[in-house]
Amino acid sequence: MSQRSIDLHLIVKSWNQTSLNSLLLELTGFIVFVTYQMYYDYPPPTYLEYPILIAQDVILMLLILHYNGSLKQSLIYAVVFVGGWQLLTVQKWIIDLAMSLCTFISAGSKFAQLQCLWQSKDSGQVSALSWGMATYTCFARIYTTSVTTGDMQVLVRFIVMALLNSWVLATVMYYRKRAGEVQKKQD
């Protein structure tokens, strides 16, 4: 095994159930959001990154399940997500309700990530750059949504996500700084 695959193995294996739950909530929020955008025929630039984010989360979930010896569970997740995705567009009220809940679901994923950080008091495995980009993207989407669709549900979602992403980023930076101070004291 190469050093890179060993590092990836250690990183993915170190994820605990809280992080997997956070990932599943995030994936659910992404699926609901992109389905809502497509259902109402919004311009593709308003949701174009979401299929990529969904693919990224699916790959990460498969890696976590593989390295934790639970890969067989991926079939259950696939059935639930694909079935749920199809169910969303059966009736207009279902997709509208799902979008209303989507903000809470996505917020739940951020709180699960925060809980994981608070419990471990370590942000070594968390990318500040990724959270910074997620925060920036939400702020940019607030502007683009205001200009293109003006959809209030979508705007509220992006405002809430921007604030929570900022909170996660601040927490990551806090623990990173704290770890640096501890390292300096030890030297």
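The values are calculated or read from the model by the stated rules, or taken from the named source; none is laboratory data. This is a predicted model, so every value here is computed, not measured. Methodologically, a virtual Cβ is constructed for each residue, glycine included, from the backbone with ideal geometry; neighbour enumeration extends over all protein chains shown. Surface accessibility is based on the protein's heavy atoms, side chains included, excluding ligands, DNA and RNA. Shrake-Rupley method; radii C 1.70, N 1.55, O 1.52, S 1.80 Å.
Among rounded, prolate and oblate, which fits segment 127-186 when a ≥ b ≥ c are the square roots of the eigenvalues of its C-alpha gyration tensor, a/c under 1.5 means rounded, and a/b larger than b/c means prolate? Prolate. Residue-wise HN-Hα couplings along segment 134-143, as the Karplus relation 6.51 cos²θ - 1.76 cosθ + 1.60 with θ = phi - 60° gives them from phi, are 5, 5, 4, 4, 5, 5, 5, 5, 4, 5 Hz; Gly and Pro carry x. In this structure, the residue pairs whose Cα-Cα separation is over 28 Å, taken from 72/92; 121/184; 121/185, are 72/92. Ranking 101, 24, 146 by Cα position along the charge dipole of the chain, where only Lys, Arg, Asp and Glu carry charges on their C-beta atoms, puts 24 farthest toward the positive end.
From the square roots a ≥ b ≥ c of the eigenvalues of the alpha-carbon gyration tensor of the chain, which class results: rounded (a/c under 1.5), prolate (a/b over b/c), or oblate? In terms of gyration-tensor shape, oblate.
Surface composition of the chain: carbon and sulfur make up 67 percent of the accessible area, probe 1.4 Å. Using C-alpha pairs below 8 Å separated by at least 6 residues, the relative contact order for the chain is 27 percent. Along segment 92-108 the Karplus relation, 6.51 cos²θ - 1.76 cosθ + 1.60 evaluated at θ = phi - 60°, assigns HN-Hα couplings of 4, 5, 5, 5, 5, 5, 4, 5, 4, 7, 4, 4, 5, 5, 5, 4, x Hz to successive residues, with x for each Gly and Pro. Between residue 85 and residue 155, what FRET efficiency comes out of the Förster formula 1/(1 + (r/R0)^6) with R0 = 22 Å and r the beta carbon distance, rounded to 0.05? Using R0 = 22 Å, I get an efficiency of 0.40. Counting only the heavy atoms of the protein chains, how much of residue 41 is accessible to a 1.4 Å probe, in Å² to the nearest 10? Roll a 1.4 Å probe over it and residue 41 shows about 130 Å².
Placing unit charges on the Cβ atoms only, positive for Lys and Arg and negative for Asp and Glu, gives the chain a dipole magnitude near 520 debye about its Cα centre. How far is helix 73-88 tilted, in degrees, relative to the longest principal axis of the Cα atoms in the chain, given as a value from 0 to 90 rounded to the nearest 10? The answer is roughly 30 degrees.
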